[in-house]
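Comments concern the structure below.
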Amino acid sequence: MSETLYKTKQRETVCAFLKNNPSHSFTVDELYEQLKKTQAVVGKTTVYRCLDGLVNSGEVRKFFSHRGGSASYQFVGNHSECTEHFHLKCTECGELIHLSCDYMKEIDKHILGHHDFYVDNTKTVLYGLCGKCKRKLDKGRKD
């Protein structure tokens, strides 16, 4: 087996895992641990290289942590509209929600018109709790 084929197989493994979990984003460490659980033989350095290639090809988006921690990655495939909207990221479960909302377009226009600032939606993520995690957290406080 050639080295090129081996790298391609590993890239496909990383991409397939992300594609099968499109509503979540993963840090390199989380992805590496998940791949180990599936018996996939992919080294952490290879995961980094694969993710860089997938980000460069546009198949995967890279999101930067709100606390200066590790970046996370999410499969977007050929969804070019992903650059045209904001994202919501749950700080509890890691779910990443695509916020295709006309109201947010108005916020873009307001920021540009009133503050002379262009928002880069490819890097705009609002952090908080999804409804499911918030309800779980509230329920835990009541018990």
For the residue pair Y48 and H115, what label-to-label distance in nm results when each label sits 7 Å from Cα along the Cα-to-beta-carbon direction? 3.4 nm
Sticking with the crude label model, points 7 Å out along Cα→Cβ, report the distance from K9 to K142 in nm, one decimal please. 5.2 nm
Relative to the chain, whose Cα atoms define the longest principal axis, helix 102-115 and its Cα axis are tilted in degrees, nearest 10, by 70 degrees
So, over other residues within a Cβ distance under 13 Å of C93, counting Lys, Arg +1 and Asp, Glu -1, the net charge is +2
Output the 0 to 90 degree angle, nearest 10, between the alpha-carbon long axis of helix 3-19 and the longest principal axis computed from the alpha carbons of the chain. 30 degrees
So, for the chain, what is the accessible surface per residue at a probe of 1.4 Å, expressed in square angstrom? 66 Å²
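State the extension gain, in nm to one decimal, for the chain segment bounded by N21 and F64, taking 0.36 nm per residue of separation less the distance between their alpha-carbons. Show your work: numbers first, answer last.
On the way: separation 43, 0.36 × 43 = 15.48 nm, distance 1.87 nm.
Net length gain for the segment: 13.6 nm.
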List the relative contact order of the chain as a percent without decimals, with contacts defined as Cα pairs under 8 Å and 6+ residues apart. 21 percent
Would you indicate which of (1) 58, 47, 24; (2) 39, 39, 32; (3) 76, 41, 23 is the value of Cα extents along the principal axes in Å derived from the coordinates of this structure? (1)
Area of C93 that stays accessible when all protein chains are in place (1.4 Å probe, Å², to 10): 60 Å²
Given the -39500 (n - 2.57) contribution per DSSP H run of 4+ residues, what per-residue ellipticity at 222 nm results for the chain, rounded to the nearest 500 deg cm²/dmol? -15000 deg cm²/dmol
Considering only protein heavy atoms, what is the solvent-accessible area of F64 at a probe of 1.4 Å, reported in Å² to the nearest 10? 120 Å²
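The values are calculated or read from the model by the stated rules, or taken from the named source; none is laboratory data. Here the structure is a predicted model, which is why all the values come from computation and not from measurement. Backbone-built Cβ (ideal geometry, glycine too); neighbour counts: all protein chains shown. Ligands, DNA and RNA are excluded from the accessible area calculation, which covers all protein heavy atoms including side chains. Shrake-Rupley method; radii C 1.70, N 1.55, O 1.52, S 1.80 Å.
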